[in-house]
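The values are calculated or read from the model by the stated rules, or taken from the named source; none is laboratory data. Keep in mind that this is a model prediction, so the values were computed, not measured. Every residue, glycine among them, receives a Cβ derived from its backbone with ideal geometry; neighbour counts consider all protein chains shown.
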Amino acid sequence: MLAKMCLLAALAAQPGIAAHAQQPPPAGQQPPPAPLQTHDPNHNPTPCIQPAPMVRLEDYDGPLKKAVGTFARPLERKSVPLSQYKPGVKLCTLTFKDKFVLFVEDSTDLAAFVGSAFDAGIDQAENSDHTYGQGAQGYGKRFGAEFTDRASSRFFRDFAYPWIFSEDPRYYRLGEGPAGKRLLHAAEHAVVAHRDSGKPMFNFSVWLGTASSVVLSNTYHPDNQRGFAPAAQRVTFSILQGIGADVLREFWPQISRKLKLPFRGESLPTNHNWNPTTP
């Protein structure tokens, strides 16, 4: 300790060193740029980039923009257009907060309420969960159950298990190539996912998340059939629905270009009022 104090005193006594330490950079010389931000939980210094911002409804002037844009945004929220990124530069990983925000946004999106209302109407017509009864009260219970189904599935698949297994819950779009190859790539996502580091891994969040939400649904769906076989059937159906959504995510750029719909991944629509700082 005494030796360190003596060394510091000796350095401070040399005016050349002190003046050099306090001397500002020469005029016109800019400080070195800060390194690219990375969200790597292992503090890997590899630079990363963020996905392109989603197209806002205000940036789209085509027909039916509100309805189409409302249902397109949930698709794009979990899509990563791989073809846009240069080799050697990785996509920024999702932090704990990012995964939680993804779950919240997916659960509170307008499409989630509309889908729950539609499914509740189908259940009401078929008298599913007949214990709920009919009328406005029965429909309200069915709507609550359907909304809880969606929210619990997103909680487990977008947040809980991706956080536990350090898994990226997004779909990595192939974006180009033969249609059959892209279709297979979308179906493979039910089995193969990406770690936060970018490496492939088994898709734990899809299988464990779906199974967890199915088991949880038995607590508020009084007429659900219990047992392994009915649960396995519901898990399989839910995973097939997820594969269908990934297929739609894979081909959404082509569909949106054909129908002139908004999507994230190419140049933004022509709009002189667009402000990149607006969320």
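Grab the strands (runs of 3 or more DSSP E) fully contained in the stretch 157-219, keeping just those with 1 or more residues being within 19 Å of residue 103 (Cβ to Cβ) and at pLDDT below 95.
Working: elements: 171-173, 192-195, 200-202.
Answer list for the stretch 157-219: 171-173, 192-195.
Can you spot a residue in the stretch 162-169 that is out of contact with any His (no Cβ under 8 Å at 6 or more places or on another chain), hydrophobic (A, V, I, L, M, F, W, C) and over 19 Å from residue 92 (Cα atoms)? No.
A single entry from 119, 123, 109 fulfils the requirement of being modelled with pLDDT under 85 and buried (at least 16 other Cβ atoms within 10 Å of the Cβ): 109.
Test residue 93 against the criterion of being polar (S, T, N, Q) and assigned to a loop (DSSP other than H, G, I, E, B), and give yes or no. First the steps, then the outcome.
Values: polar (S, T, N, Q): yes; assigned to a loop (DSSP other than H, G, I, E, B): yes.
Considered against the rule, which asks whether it is polar (S, T, N, Q) and assigned to a loop (DSSP other than H, G, I, E, B), residue 93 comes out as yes.
Evaluated against (1) surrounded by 17 or more Cβ atoms within 10 Å (Cβ to Cβ); (2) in contact (Cβ under 8 Å) with a residue 60 or more places away in the chain, residue 183 falls short on exactly one condition, (1). Of all residues in the stretch 250-264, those that are closer than 21 Å to residue 178 by Cα and at pLDDT 70 or above have Cβ atoms under 6 Å from Cβ atoms of residues that are of a type outside the set (Val, Ile, Thr) and surrounded by 13 or more Cβ atoms within 10 Å (Cβ to Cβ), 6 or more apart or on another chain, in 250/173; 250/182; 250/186; 252/75; 252/263; 253/263; 253/265; 256/263.
Within the stretch 233-248, residues that are free of Cβ contacts under 8 Å to residues at least 60 places away in the same chain and charged (D, E, K, R) have Cβ atoms under 9 Å from residues that are surrounded by 12 or more Cβ atoms within 10 Å (Cβ to Cβ) and not in a helix (DSSP H, G or I) in these pairs: 234/224, counting only partners at least 6 apart in sequence or on another chain. Quick one: would you say residue 147 is assigned to a helix (DSSP H, G or I), buried (at least 17 other Cβ atoms within 10 Å of the Cβ) and aromatic (Phe, Trp, Tyr)? So residue 147 passes the test.
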